[in-house]
Amino acid sequence: MRYLIIFMFTFFCYTGKAAAYVGPGLGLGVIGAIFGVIATVILAIIGLFWYPLKRLYRNIHSKLTHSRSDDDS
């Protein structure tokens with residue numbers, strides 16, 4: 001078992017030459033996709049909190065407005 005672990009460690013740590021090229025088009029596409037995913041997550045979190053708070057504010061504001069108009073009459 002010990003030799004298997006040593007073999008696996010050396011096998012996965014060995015790196016050969018990578019014959020790959022990431023051009024500017026592909027690189028910008030990856031960066032754009034990453035920013036898109038991040039923006040989507042942030043907007044989803046904002047949406048989960050903003051709209052319920054907005055509805056709560058609107059309900060409180062309308063109740064206060066109706067109670068003030070009832071007091072004035």
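Coordinate-derived values only; no laboratory data. Given the structure is predicted, the values throughout are model-derived calculations rather than measurements. Here Cβ is always computed from backbone atoms with ideal geometry, including for glycine, and neighbour counts include all displayed protein chains.
Aromatic (Phe, Trp, Tyr) and outside any helix (DSSP H, G or I): is that true of Tyr51 in this structure? Working first, answer last.
Details: aromatic (Phe, Trp, Tyr): yes; outside any helix (DSSP H, G or I): no.
When the stated conditions are applied, Tyr51 does not pass them.
List pairs: first residue in segment 28-42 and in a helix (DSSP H, G or I), second residue not basic (Lys, Arg) anywhere in the structure, Cβ distance under 9 angstrom, at least six positions apart or on different chains.
Val30/Val22
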